[in-house]
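Down below is the structure, laid out as structure tokens.
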Ligand code: 13P
């Protein structure tokens, strides 16, 4: 049985006050113990979040990391540093990083390895653009992004990875993939993983991301190969985020 995971990616949003609001709300809320929930706040809020979330079901994630442990990399943050702040998961390969900061598959792989090397579990984000979907290349693009990384990992490293399928055209647009569209791609990812190891594919957690909200979470999460969600905008509204968590329970 795969444990469902709901992860809130705050991107460059939120505030110290929002961290406190989430801490208070999640201290009261009754969530099924079978569910894992994460918040990925911006770096400056990690320490406050660790304290505010201490008596809640919320775990802590980061949004990126530098591949190096330390060094002359002005403005960057390493996995070792994240580890010191209790970070358990980190996003790698988010489409905003791929597009706006020109991160390619090789750099995504380097970041993922850096996370594994300090015991942080990577969430590998993949997804096609609208042009790629319209040209009929969705599965090729997504499986290339997955394959570049997965083919280079040892079997026990592969087991640490969660994959988030986030169609680029669905991110922040209010345009969600239909449950069938999402299911089709996610089933393809699981089949691809089965090529390495059937047991690994069965245990692999696959998250859907892209305009998931309190109204559409139920039907997305009901799909066979969708084990959770990576939520942007709706993870900034505590009631909506709790409702999504309840859909996953
Ligand atoms: P939205 O939920 O705002 O579309 O963002 C999805 C996302 O990019 C999560 O990483």
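Assorted remarks:
Conditions (1) touching a residue at least 40 places away in the same chain (Cβ under 8 Å); (2) under 18 Å from the mean Cα position of the chain (by Cα); (3) under 26 Å from residue 242 (Cβ atoms), marked per residue:
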{"site": "70", "(1), (2), (3)": "no, no, no"}
{"site": "87", "(1), (2), (3)": "yes, yes, yes"}
{"site": "120", "(1), (2), (3)": "yes, yes, yes"}
{"site": "128", "(1), (2), (3)": "yes, yes, no"}
{"site": "145", "(1), (2), (3)": "yes, yes, no"}
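- Here residue 223 meets each of (1) closer than 16 Å to residue 139 by Cα; (2) more than 14 Å from the ligand (Cβ to nearest atom); (3) touching a strand residue (DSSP E or B) at 6+ places or on another chain (Cβ under 9 Å); (4) in contact (Cβ under 8 Å) with a residue 40 or more places away in the chain with one exception, condition (1).
- Residue in the stretch 195-213 that is over 21 Å from residue 91 (Cα atoms) and buried (at least 17 other Cβ atoms within 10 Å of the Cβ) present: no
- Each residue in the stretch 26-39 was checked for being part of a helix (DSSP H, G or I) and either under 19 Å from the mean Cα position of the chain (by Cα) or in contact (Cβ under 8 Å) with a residue 12 or more places away in the chain (or both), and 2 of them qualify.
- Filter result for residue 99 (in a helix (DSSP H, G or I) and either in contact with a strand residue (DSSP E or B) (Cβ under 7 Å, 6 or more places away or on another chain) or within 14 Å of the ligand (Cβ to nearest atom) (or both)): yes
- Whenever a residue of the stretch 166-177 is touching a residue at least 60 places away in the same chain (Cβ under 8 Å) and more than 13 Å from residue 233 (Cα to Cα), its partners that are outside any loop (DSSP other than H, G, I, E, B) and more than 6 Å from the ligand (Cβ to nearest atom), lying with C-beta atoms within less than 8 angstrom and at least six residues away or across chains, give the pairs 166/95; 166/125; 166/126; 166/208; 168/95; 168/99; 168/130.
- Any hit, the stretch 61-69, residues being in a strand (DSSP E or B) and either surrounded by fewer than 16 Cβ atoms within 10 Å (Cβ to Cβ) or within 16 Å of the ligand (Cβ to nearest atom) (or both): yes
- Residue 86 at pLDDT 95 or above, farther than 20 Å from residue 157 by Cα and in a loop (DSSP other than H, G, I, E, B): yes
- Single residue of the stretch 4-25 satisfying the filter (within 20 Å of residue 64 (Cβ to Cβ), assigned to a loop (DSSP other than H, G, I, E, B) and in contact (Cβ under 8 Å) with a residue 60 or more places away in the chain) that is farthest from the ligand (Cβ to nearest atom): 14
- Members of the stretch 107-134 found to be in contact with a helix residue (DSSP H, G or I) (Cβ under 8 Å, 6 or more places away or on another chain), in a helix (DSSP H, G or I) and closer than 23 Å to residue 188 by Cβ, listed by number: 108, 109, 112, 130, 132, 133
- So residue 104, is it touching a helix residue (DSSP H, G or I) at 6+ places or on another chain (Cβ under 7 Å) and either without any contact (Cβ under 8 Å) to a residue 24 or more places away in the chain or loosely packed, with under 14 Cβ neighbours inside 10 Å (or both): no
- Applying the condition of being over 21 Å from residue 147 (Cβ atoms) and either surrounded by fewer than 13 Cβ atoms within 10 Å (Cβ to Cβ) or without any contact (Cβ under 8 Å) to a residue 40 or more places away in the chain (or both) to the stretch 178-194 and asking which residue is nearest to the ligand (Cβ to nearest atom) yields 178.
- Considered as a group, the residues in the stretch 159-173 that are crowded, with 19+ Cβ neighbours inside 10 Å and away from the ligand (no atom under 12 Å from the Cβ) include one that is farthest from the chain's Cα centre (by Cα), and that residue is 161.
The values are calculated or read from the model by the stated rules, or taken from the named source; none is laboratory data. Please read these numbers as outputs of a predicted model, since none were measured by experiment. Positions of Cβ are backbone-derived with ideal geometry, glycine not excepted, and every protein chain shown enters the neighbour counts.
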